[in-house]
1. Considering only the stretch 217-241, state which residues are under 16 Å from SER61 (Cα atoms) and at pLDDT 95 or above.
2. Go through (1) out of contact with any His (no Cβ under 8 Å at 6 or more places or on another chain); (2) modelled with pLDDT of 95 or more one by one and return the number of the condition CYS211 breaks.
3. Give the residue that is nearest to CYS238 (Cα to Cα), with candidates limited to residues of the stretch 124-150 that are assigned to a loop (DSSP other than H, G, I, E, B) and open to solvent by 20 Å² or more (accessible area, probe 1.4 Å).
4. For the subset of the stretch 204-219 comprising residues that are buried (at least 16 other Cβ atoms within 10 Å of the Cβ) and of a type outside the set (Gly, Ala, Ser), which member is farthest from the chain's Cα centre (by Cα)?
5. Can you tell me which residue within the stretch 163-177, out of those that are in a strand (DSSP E or B) and in contact with a Gly (Cβ under 7 Å, 6 or more places away or on another chain), is most open to solvent (accessible area, probe 1.4 Å)?
6. Within the stretch 82-90, identify whether any single residue is open to solvent by less than 50 Å² (accessible area, probe 1.4 Å), modelled with pLDDT of 90 or more and farther than 18 Å from CYS238 by Cα, and answer yes or no.
7. Which numbered condition trips up TYR51, out of (1) in contact with a strand residue (DSSP E or B) (Cβ under 7 Å, 6 or more places away or on another chain); (2) open to solvent by 50 Å² or more (accessible area, probe 1.4 Å)?
8. Considering only residues that are touching a residue at least 40 places away in the same chain (Cβ under 8 Å) and crowded, with 16+ Cβ neighbours inside 10 Å, look in the stretch 54-79 and name the one that is farthest from ASN104 (Cα to Cα).
Amino acid sequence: MSTQRPININEGVPVATVPVTTNDQILLKVMSAPVVYVRQDPKCSLCPDTYKVYIHTAVISDGNFDILKDPLFNAVDDTCCICCKGCSILNFYSPLDNTTIHYNMTLPKCCEQCCREQKCCSCVKYGVPLNGSYGATADLRFGYYARRYGCCSACSTDTWEFFGKMGESRFLVEVECCQAFNPCMHLCPLRLHIKTGDTEVGTIIRSPRGCCGTYTFEIQFPSSFTLEDRLLLIAFCCKRL
């Protein structure tokens with residue numbers, strides 16, 4: 001089976017060698033956190049999607065997520081137009097200063113989408129990638145992720161592939177077929193498998209949908225993951241295409 005990855009859309013764009021626009025203490029907390037929780041905020045239909053990102057010392061086994069205090073980031077899916085999701089930017093703001101953006105996720109520009117590699121003979125195709133960048137702009141890219149679509153199986157897993165700053169494949173996140181098509185999946189925990197090759201190395205667990213229609217994601221990071229891997233996984237819990 002061919003697994004032709006998307007073309008490296010970072011070509012010609014500066015890639016980050018050091019996170020020059022971020023707070024080192026914030027990054028140190030991300031790297032040392034054993035567990036991260038991403039909590040979706042309740043909202044009205046006209047408001048942007050917002051999330052709060054917390055670190056915690058251990059897994060919360062009883063589902064009492066209200067004990068989480070002092071968020072690490074406030075994530076806001078900003079758009080220039082309510083009707084146009086294509087222009088949205090997922091910004092990760094400092095909770096202490098709503099003008100400071102530590103990193104963001106952006107969709108490719110129109111010219112980048114036109115240049116993406118498409119091979120009709122491939123058994124694996126990719127959706128639109130989301131690019132991670134340090135700071136408030138898309139100038140210092142450090143990686144991206146995209147949804148994978150299988151063409152040869154009637155029952156394939158929901159899969160996203162994550163890539164590093166040079167376009168190299170880093171890992172996959174998968175939802176099992178039986179869970180992906182379960183009509184009651186919002187009523188029970190959803191387990192997402194973090195894999196390198198066929199080996200599961202970590203998990204993301206989405207809690208049952210809350211009374212306000214919101215979800216909480218629990219990320220158990222593999223110990224070997226880089227800062228960029230972790231930041232992309234946090235963003236993935238806020239925005240998937």
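The values are calculated or read from the model by the stated rules, or taken from the named source; none is laboratory data. Note that the structure is a prediction, hence the values are computed from the model and not measured. Please note: Cβ atoms are built from the backbone with ideal geometry, for glycine as well, and neighbour counts cover all protein chains shown. What goes into the accessible areas is simple: the full protein's heavy atoms, side chains included, and nothing from ligands, DNA or RNA. Shrake-Rupley method; radii C 1.70, N 1.55, O 1.52, S 1.80 Å.
1. PHE217, GLU218, ILE219
2. (2)
3. VAL128
4. So the residue we want is ARG209.
5. ARG170
6. Checking the stretch 82-90: not a single residue is open to solvent by less than 50 Å² (accessible area, probe 1.4 Å), modelled with pLDDT of 90 or more and farther than 18 Å from CYS238 by Cα.
7. (2)
8. ILE60
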